[in-house]
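**Student:** Quick one: this structure, given as structure tokens, is what I'll be asking you about.
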Amino acid sequence: MRVRYILDWWKLGIIFVATLLRVYRLETLTEFLGDQGRTMLIMRDFVSQGVVPLAGPTTLSGHHLGPIFYYLLLPGYLLTGEPVGVSLWMAVLGVVAVFLIYEAVRQMFDIGTARVVALLWAVSPVLVRADRIIWEPNLVPMFGVLFIYLLYKAYGSWRPSAWFGLGVTVGVLVQLHYPNIFFVGLTGLVLLVPLVRKSRSLPEVVRVTLSWVAGFSIILLPFLWHQYTVGFKDVIGIATVIGEGVGVTLGKRAMVSVGLDYAYRVLGRAVPWMSREPAALLLGLWALFVCFRPTVRNIFFSVWFAGGVAAMLRYSGVVHDHYLFFIVPVPFLMLASVVHSAKPGVWRNILYTAVIIVCFVQLSLTDIFRTGSADIPRVKHAVALMSDIVKDKDFSFTLVNTASYSDLHYRYYMKVAGIHPKPAVAGGYARFVIVCDRPDCPTVSELSRREQLPILCYEEHCSEYYPSIPLSSQWIYAKDIPVTNNLGRLYIFDAR
């Protein structure tokens, strides 16, 4: 009983650290840009007007994901109805990922290894920051860990209910981002193993496969219904993108170089100061380790990592960091296998110490003591100021010096405030507000001299290019107002 009490406190301590890093100064440190504004607008309609989303956000290729992201955010939205509440819920799910990696490693390996690996996940600066941000790819690592946890349970028990739960998890992953289709193939390989090894009969494998398919299909039903109504436009589009990627070929040298680039971007979630050369060294050491310890788990981790990188090498477009999130759990699992392989005693204690030192380095690299972008208070304050400035006048606005690709974060707070800007390109309004979305704002003279001003996109009026309006010839500067301790600025122009 005494040992169990101590072990419980270790887990609670790690979860406490993870929670503190993710919720401390959350309103100041979380990102709130156009993507987050889009999500909040949909959640507002979902809850207040009963408009149930059947399709999710669009990807960079223009295809809709499934709606599961919005359903997952519902508890956070109901908490406060504000972006802070949803960000807090994202942080809670990030803490759940820490708990899951602890439990997965504890059950697959041992409790000491679970402690250091979970702590390393808890203090990862990249994961800490991502866990605060309302964005669908940021849930992929958590569900990736849930995948391996449930797969371990399902493969060990071979119960149809466990495989059903695994199917639901993969269905969620596919709706969070399309590269997660990789998990479908990974599950298929796992189901083939007992047939090859003759450890399970064909009827047993078929039974659990059908359970997996049932879980996978049920969680996709809202999206499949939507796709039926639009002629499966998004499904066909994604299949086309994948099909085009199959024909992409790289030379051997280029393939190795790009593959190492992807590898170090994944490994950097677990280890600081990562680049191609250290990544190549670590992967080489892992290959040697697997040669000496070719266990089923080690081979599975290798297939997950190498197969994931190879799959993204076939993609013809730009591979952004979040495209690789489905591989993020693997370095932590690899580390767990290495630590567990050391005999209890001196060598394992050395590995524990090394990992804990890395944890302290990672902790020092987190952003909890940095100034933060203060996106939520800045946008909220800017919209409140605009509401006072425009009063009953017709107006429009746009953003300059912004990290966002759309102005939907401002439109969310405008909708909450009950103010309705006119489309900037339509004309016919008396006042025009230019919002500087960052501290480094242009001077009044710099703005006033611009003949044309690009208008930031949003879905209703902008497709593949930024439209623009005449500024200096049609508008005259009236005044400017600082926003939230000079973290932004409003420039008010009146029609000539």
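Bear in mind that the values in this text are calculations on the coordinates, not laboratory data. Nothing here was measured: the structure is a model prediction, and the numbers come from that model. Neighbour counts run over all protein chains shown; Cβ positions are idealised from the backbone, glycine included.
**Student:** Mind sorting Ser217, Ser373 by how few other Cβ atoms lie within 10 Å of their own Cβ, fewest first?
**Tutor:** Least to most surrounded, the residues fall as Ser217, Ser373.
**Student:** Okay, next question. Any idea what angle helix 408-417 forms with the longest principal axis of the chain, computed on alpha-carbon atoms, 0 to 90 degrees, nearest 10?
**Tutor:** That helix lies at roughly 60 degrees to the long axis.
**Student:** Taking 0.36 nm per residue of separation and subtracting the Cα-Cα distance, what length does fully extending Arg253 through Tyr315 add?
**Tutor:** 20.6 nm
**Student:** Hey, quick one: spin label on Asp394, modelled 7 Å out along Cα-Cβ, who in segment 473-494 has an amide N within reach, i.e. under 18 Å?
**Tutor:** Only 474-476, 493-494 pass the distance filter.
**Student:** Here's a follow-up. Treat the count of other C-beta atoms within 10 Å as a stand-in for reagent exposure and order Thr187, Thr30 from fewest to most.
**Tutor:** Going from least to most buried by this count: Thr187, Thr30.
**Student:** Using Cα pairs under 8 angstrom and six or more residues apart, how large is the relative contact order of segment 194-312, in percent?
**Tutor:** 12
**Student:** Moving on to the next point. Using R₀ = 30 Å, calculate the FRET efficiency as 1/(1 + (r/R₀)^6) where r is the Cβ-Cβ separation of Val52 and Tyr466; round to 0.05.
**Tutor:** After rounding to 0.05, the efficiency reads 0.40.
**Student:** Right, another one. Could you tell me which chymotrypsin sites (Phe, Trp or Tyr not before Pro) in segment 369-439 are loop residues by DSSP with no more than 11 other beta carbons within 10 angstrom of their beta carbon?
**Tutor:** In loop regions of segment 369-439 (DSSP not H, G, I, E or B), the sparsely surrounded chymotrypsin sites (Phe, Trp or Tyr not before Pro) are Phe369.
**Student:** Which trypsin sites (Lys or Arg not before Pro) from segment 268-371 combine a DSSP loop assignment with at most 13 other Cβ atoms within 10 Å?
**Tutor:** Arg370
**Student:** What full-extension length gain, to one decimal in nm, is calculated for Ser201 and Arg293 as 0.36 nm per residue of separation minus the Cα-Cα distance?
**Tutor:** Separation in residues times 0.36 nm, less the Cα-Cα distance, equals 30.4 nm.
**Student:** So for the pair Asn485, Val346, with labels modelled 7 Å out along Cα→Cβ, what separation do we get in nm?
**Tutor:** 5.3
**Student:** Then there is this: Can you give the relative contact order of segment 375-495 as a percent, counting alpha carbon pairs under 8 Å and 6+ residues apart?
**Tutor:** 31
**Student:** Moving to a separate point now. Longest segment of the chain with no GluC sites (Glu not before Pro) in a DSSP loop having at most 14 other Cβ atoms within 10 Å?
**Tutor:** So the longest stretch without any such site is 1-450.
**Student:** Treating cross-link reach as a plain straight distance, find the lysines whose alpha-carbon is under 18 Å from the alpha-carbon of Lys422, omitting any fewer than eight places away in the same chain.
**Tutor:** Answer for Lys422, where 18 Å is the Cα cut-off: Lys391, Lys393, listed by chain and number.
**Student:** Determine, from the Cβ-Cβ distance of Val303 and Val444 and an R0 of 60 Å, the FRET efficiency 1/(1 + (r/R0)^6), rounded to the nearest 0.05.
**Tutor:** It comes to 0.50.
**Student:** Here's a follow-up. How charged is the neighbourhood of Gly156? Take every other residue with its Cβ under 13 Å from the Cβ of Gly156, and add Lys/Arg as +1 and Asp/Glu as -1.
**Tutor:** Cβ neighbours under 13 Å give a net charge of +4.
**Student:** What does the net charge come to around Val330 if you take all other residues with beta carbon closer than 13 Å to its beta carbon, with K and R at +1 and D and E at -1?
**Tutor:** Every neighbour counted, the sum reads +3.
**Student:** Is segment 326-380 rounded, prolate or oblate when judged by the Cα gyration tensor, a ≥ b ≥ c being the square roots of its eigenvalues, rounded requiring a/c under 1.5 and prolate requiring a/b larger than b/c?
**Tutor:** It comes out oblate by the Cα gyration axes.
**Student:** Roughly how many Å is it from the Cα centre of segment 386-443 to that of segment 55-109, as a whole number?
**Tutor:** So the two Cα centres are separated by 30 Å.
**Student:** Could you work out the relative contact order of segment 379-439, using alpha carbon pairs under 8 angstrom and six or more residues apart, expressed as a whole percent?
**Tutor:** Once normalised by length, the contact order is 53 percent.
**Student:** If you don't mind, there's one more thing I want to ask. Given Cβ point charges of +1 (Lys, Arg) and -1 (Asp, Glu) and nothing else, what value in debye, to the nearest 20, does the dipole of the chain about its Cα centre take?
**Tutor:** Around 1580 debye, computed over the chain.
**Student:** Which listed residue (Tyr24, Val338, Ala97) has the Cα farthest towards the positive end of the charge dipole for the chain, taking +1 on Lys and Arg C-beta and -1 on Asp and Glu C-beta about the Cα centre?
**Tutor:** Going by the charge dipole, the pick is Val338.
**Student:** Could I have the simple spin-label model distance between Thr371 and Ser61, label points 7 Å from Cα toward Cβ, reported in nm to one decimal?
**Tutor:** Result for the modelled spin labels: 4.0 nm.
**Student:** Determine, from the Cβ-Cβ distance of Arg44 and Asn401 and an R0 of 30 Å, the FRET efficiency 1/(1 + (r/R0)^6), rounded to the nearest 0.05.
**Tutor:** Once rounded, the FRET efficiency stands at 0.65.
**Student:** Also, I was wondering about something else. Once you put a point 7 Å from the Cα of Ala495 and another 7 Å from the Cα of Ala280, both along the Cβ direction, what distance in nm separates them?
**Tutor:** 6.3
**Student:** Which one of Val193, Ser217, Thr398 is farthest out on the positive end of the charge dipole of the chain, using unit charges on Cβ (Lys, Arg +1; Asp, Glu -1) and the Cα centre as origin?
**Tutor:** Val193
**Student:** Also, quick follow-up: Can you grab the distance from the C-alpha centre of segment 18-53 to the C-alpha centre of segment 163-233, Å, no decimals?
**Tutor:** Distance between centres, Cα-based: 29 Å.
**Student:** Fewest Cβ neighbours within 10 Å first, please rank Leu282, Leu176 accordingly.
**Tutor:** Neighbour counts put them in this order, fewest first: Leu282, Leu176.
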